[in-house]
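Sharing a structure, written as structure tokens. Questions coming.
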Amino acid sequence: MQRDDEIAARAAEAVGGAENPGAVDIKQLLSATRPLFDPGRVSRETFQLGIELLKVLAGASDVEIDPKDRRFRDPTWQENPFYRRLAQAYFAYCRAVSRSVSEDLDWRNRERALLLVDVITAGVAPTNALPGNPEALKRAFETGGRSLLDGARNFLHDLRHNRGMPSQIDPSRWQLGDNLAATPGAVVFRNEILELIQYRPQTARVRRRPLLLIPPQINKFYFLDLSPGRSFIEYAVQQGMQVFVVSWRNPTPAHRHWNLDSYCEALLEATDAVRAIAGTDDLNTYGFCAGGITMSALLAHLAEAGDERVHAACYTVTLLDFSEPALIGSLQSAPLLRAAKYRSRRKGIIEGHAMRNLFNWFRPNDLVWSFWVNNYLMGKSPPAFDILVWNNDSTNLPAALHADFLDIFERNALCRPGGWTALGTPVDLGRVTLDNYVTGAVNDHLTPWKACYRTTHLLGGESTFALSHAGHIASIVNPPGNPKSSYWIGEEAVAEPEDWFANADKRQGSWWEHWLDWISARSGEEVEAPARLGNERFPAGEPAPGTYVHQPE
């Protein structure tokens, strides 16, 4: 049977987080794929599929059942003549649909077509229905039908409480401040847009220069502070770093006017508080996902103004150059972007659940149908996994910020000097001459590593690039000690990502350890750890994880 930890691991690998500038409804996206299939190819493949299905029926087909497809790993699919034919028919159908995509497409339209193929073929898999799922039938027999009753109960619950989507989590198992976001700290500053959390030192001595973590505005910050032992923040604090993190407020329609400049201004205030508390003239910053876009706009403004408050900067799974082929490019269509902008302008926000559901359909097998089978056909509760809890704790995006992200995405505005303006100054990333540390993930379907690598050539400073194993968010949650973890490090950032990879050194372990050496070398000397959090001007308030993180969608 399919184990809960396997479902959770596959889903965690597929989780996207906050890289959706379009926030397009899935129906709008699929409707834009109609012209992407070649009628002639469709006719030929339909004819060939008919012939293959006759062979399947006669037991003469040579279509192989993919041994790597976990949906078909039960021995019944190979041993039972009926189920073997059913699986062969399904894989023949998948092959025919895939071959029907027109060859004369640019990469954005091809990504859109392949997404449609994935959604269609995942949805019609026989394993999604009880008669076509031998694992579920065996479980129903073994439990005397109890699994079917439990599955029906789960289905009705999701229909009422989860907008008809299969639940990925059981929220009763998790508590913020207890087994999630549990690293000790306190809120030391708050403005209308963000809370600033300082973490309590766990070493006698700390690096003098503090580190400010900037998460994306969508989803909450605690993917950086998951379960104890899996927390990036906990790790950095335990290694003697002075760590602060931004916790964004969850906007409502009343905050529709917050744009990218609004967030940059809020970050400026946060950097003032961090420096005042640490007693330093400067700090290091770290942007994650869309937080890296916001950080880049701010860094470009500071460079133009001659403000040297940031000493070094880090990026993880952040796209600044949207010209590289990526799944997110399937959203890069003028009608889709106009529809998305209209939707957010009308409501004042883009709802977090809308963005989350779109990302779920980007990986339908891992983030939709695996839970459908687990919850309804197998009658099980969703697996307990911290990344999935965070992924389901969505936040909204204000209309003005959404519009700014859309414009940057559509125009690829950060790649051209002066293509965007931040706080009244033109953005030229080449003028950002700080040392920078950039990471990508080899299995990232949303921000492909080759596109992340382009950041090293957009920025003007000395770059170090690290390539992690795993996917988008799973690559970030990468604590040392996992024997399966690995990463690649290159000596210098060469022109092409393929050339960099060809000469990169593959290492076992977590990139966290390499990053720690890099950031420690840029964090000043060791000093005595502060005895208390905050200072007289910025006193410690509510304990971490603060109050903004508890705001519902």
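The values are calculated or read from the model by the stated rules, or taken from the named source; none is laboratory data. Please read all numbers here as calculations on a predicted model, not as lab measurements. Neighbour counts run over all protein chains shown; Cβ positions are idealised from the backbone, glycine included. For accessibility, only protein heavy atoms count, side chains too; no ligands or nucleic acids. Shrake-Rupley method; radii C 1.70, N 1.55, O 1.52, S 1.80 Å.
Would a scan of the stretch 421-436 turn up a residue that is modelled with pLDDT under 95 and surrounded by 21 or more Cβ atoms within 10 Å (Cβ to Cβ)?
Our first condition is that a residue be modelled with pLDDT under 95; within the stretch 421-436, this holds for none.
Within the stretch 421-436, not a single residue is modelled with pLDDT under 95 and surrounded by 21 or more Cβ atoms within 10 Å (Cβ to Cβ).
From 217, 202, which residue is open to solvent by less than 10 Å² (accessible area, probe 1.4 Å), outside any helix (DSSP H, G or I) and not acidic (Asp, Glu)? Break it down stepwise before answering.
Working: 202 fails: open to solvent by less than 10 Å² (accessible area, probe 1.4 Å).
Unique residue meeting the criteria: 217.
Quick grid of which residues meet (1) out of contact with any Ser or Thr (no Cβ under 6 Å at 6 or more places or on another chain); (2) open to solvent by less than 40 Å² (accessible area, probe 1.4 Å):
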| site | (1), (2) |
| --- | --- |
| 114 | yes, no |
| 120 | yes, no |
| 130 | yes, no |
| 189 | yes, yes |
| 196 | yes, yes |
| 209 | no, no |
| 213 | yes, yes |
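Which one of these is among the aliphatic types (A, V, I, L, M), at pLDDT below 90, assigned to a helix (DSSP H, G or I) and open to solvent by 10 Å² or more (accessible area, probe 1.4 Å): 400, 384, 339?
Numbers: 400 fails: at pLDDT below 90; 384 fails: assigned to a helix (DSSP H, G or I).
On inspection, the qualifying residue turns out to be 339.
Are there any pairs, at least 6 apart or on different chains, whose C-beta atoms fall under 9 Å, with the first in the stretch 241-258 and more than 19 Å from residue 552 (Cα to Cα) and the second part of a strand (DSSP E or B) and of a type in the set (Lys, Arg), and if so, which?
Here the result reads 241/207; 242/207, each pair linking the stretch 241-258 to a residue that is part of a strand (DSSP E or B) and of a type in the set (Lys, Arg).
If you don't mind, another one. Identify the single condition in (1) more than 18 Å from residue 360 (Cβ to Cβ); (2) open to solvent by 70 Å² or more (accessible area, probe 1.4 Å); (3) assigned to a helix (DSSP H, G or I) that residue 135 does not satisfy, given that it satisfies every other one.
(2)
List every residue pair whose Cβ atoms lie under 6 Å apart, where the two residues are 6 or more positions apart in sequence or sit on different chains, the first residue falls within the stretch 71-92 and is within 22 Å of residue 51 (Cα to Cα) and at pLDDT 95 or above, and the second residue, located anywhere, is open to solvent by 50 Å² or more (accessible area, probe 1.4 Å) and of a type in the set (Val, Ile, Thr).
Partner pairs satisfying both residue conditions: none exist.
Considering only residues that are in contact (Cβ under 8 Å) with a residue 40 or more places away in the chain, of a type in the set (Gly, Ala, Ser) and not in a helix (DSSP H, G or I), which ones fall in the stretch 511-553?
The initial filter retains those residues of the stretch 511-553 that are in contact (Cβ under 8 Å) with a residue 40 or more places away in the chain, namely 511-512, 514-516, 518-520, 522-530, 533-535, 537-553.
Right, trim to of a type in the set (Gly, Ala, Ser) and you get 520, 523-524, 529, 534, 540-541, 544, 546.
Listed by number, the residues that qualify are 523, 524, 529, 534, 540, 541, 544, 546.
Being open to solvent by less than 50 Å² (accessible area, probe 1.4 Å) and either of a type in the set (Lys, Arg) or at pLDDT 95 or above (or both) is the filter; apply it to the stretch 42-58 and report the residue that is nearest to residue 88 (Cα to Cα). Outline the logic, then answer.
Initial filter on the stretch 42-58 (open to solvent by less than 50 Å² (accessible area, probe 1.4 Å)): 45, 49-50, 52, 56.
Going one step further and asking which of them are either of a type in the set (Lys, Arg) or at pLDDT 95 or above (or both), we end up with 49-50, 52, 56.
Details: 49: 11, 50: 13, 52: 9, 56: 7 Å.
The selected residue is 56.
Report yes if residue 527 is of a type in the set (Val, Ile, Thr) and modelled with pLDDT under 95, otherwise no. Can you show your working first?
Values: of a type in the set (Val, Ile, Thr): yes; modelled with pLDDT under 95: no.
So residue 527 does not fit the description; no.
Quick check on my filter: what residues within the stretch 479-496 are touching a residue at least 60 places away in the same chain (Cβ under 8 Å) and open to solvent by less than 30 Å² (accessible area, probe 1.4 Å)?
First, pick out the residues of the stretch 479-496 that are touching a residue at least 60 places away in the same chain (Cβ under 8 Å): 479-480.
479 - this is the single residue of the stretch 479-496 that is touching a residue at least 60 places away in the same chain (Cβ under 8 Å) and open to solvent by less than 30 Å² (accessible area, probe 1.4 Å).
So for the stretch 171-183 (the condition being assigned to a helix (DSSP H, G or I) and touching a residue at least 40 places away in the same chain (Cβ under 8 Å)), does at least one residue qualify? Give the steps one after another, and end with the answer.
Pass one, the stretch 171-183, residues assigned to a helix (DSSP H, G or I): 171-173.
Among the residues that remain, those that are also touching a residue at least 40 places away in the same chain (Cβ under 8 Å) are: 171, 173.
For the stretch 171-183, residues assigned to a helix (DSSP H, G or I) and touching a residue at least 40 places away in the same chain (Cβ under 8 Å): present.
Do you know which residues across the stretch 237-266 are surrounded by fewer than 23 Cβ atoms within 10 Å (Cβ to Cβ) and either in contact with a His (Cβ under 7 Å, 6 or more places away or on another chain) or part of a helix (DSSP H, G or I) (or both)?
238, 253, 254, 255, 261, 262, 264, 265, 266
Here's something else I'd like to know. Looking only at the stretch 269-301, filter to residues that are touching a strand residue (DSSP E or B) at 6+ places or on another chain (Cβ under 8 Å) and more than 20 Å from residue 217 (Cβ to Cβ); which one of those is surrounded by the most Cβ atoms within 10 Å (Cβ to Cβ)?
Taking the stretch 269-301 and keeping what is touching a strand residue (DSSP E or B) at 6+ places or on another chain (Cβ under 8 Å), we get 269-271, 273-275, 277, 282-289, 291-301.
Right, trim to more than 20 Å from residue 217 (Cβ to Cβ) and you get 275, 277, 282-284.
Working: 275: 17, 277: 23, 282: 18, 283: 21, 284: 25.
Selected residue: 284.
Same structure, new question: From the residues in the stretch 344-356 that are of a type outside the set (A, V, I, L, M) and open to solvent by less than 40 Å² (accessible area, probe 1.4 Å), which one is farthest from residue 256 (Cα to Cα)? Break it down stepwise before answering.
Taking the stretch 344-356 as the starting set, the residues that turn out to be of a type outside the set (A, V, I, L, M) are 344-348, 351-353, 356.
From the residues that got through so far, the ones that are open to solvent by less than 40 Å² (accessible area, probe 1.4 Å) too are 344, 348, 351-353, 356.
Details: 344: 9, 348: 5, 351: 12, 352: 14, 353: 17, 356: 20 Å.
Residue satisfying both the conditions and the ranking: 356.
Let me ask something else about it. If I filter the stretch 154-169 down to residues being touching a residue at least 60 places away in the same chain (Cβ under 8 Å) and in a helix (DSSP H, G or I), which single residue comes out as most open to solvent (accessible area, probe 1.4 Å)?
Within the stretch 154-169, the subset touching a residue at least 60 places away in the same chain (Cβ under 8 Å) is 154-155, 158, 163, 165-169.
Subset that is in a helix (DSSP H, G or I): 154-155, 158.
On the way: 154: 42, 155: 78, 158: 4 Å².
Checked the stretch 154-169; the qualifying residue most open to solvent (accessible area, probe 1.4 Å) is 155.
Give me the residue from the stretch 302-328 that is charged (D, E, K, R) and under 14 Å from residue 434 (Cβ atoms) and, out of that set, most open to solvent (accessible area, probe 1.4 Å). Break it down into steps so the answer makes sense when it comes.
Our first condition is that a residue be charged (D, E, K, R); within the stretch 302-328, this holds for 304, 307-309, 321, 324.
If we keep only those that are under 14 Å from residue 434 (Cβ atoms) as well, we get 304, 307-309.
Details: 304: 76, 307: 55, 308: 154, 309: 31 Å².
Restricting to residues being charged (D, E, K, R) and under 14 Å from residue 434 (Cβ atoms), the top hit is 308.
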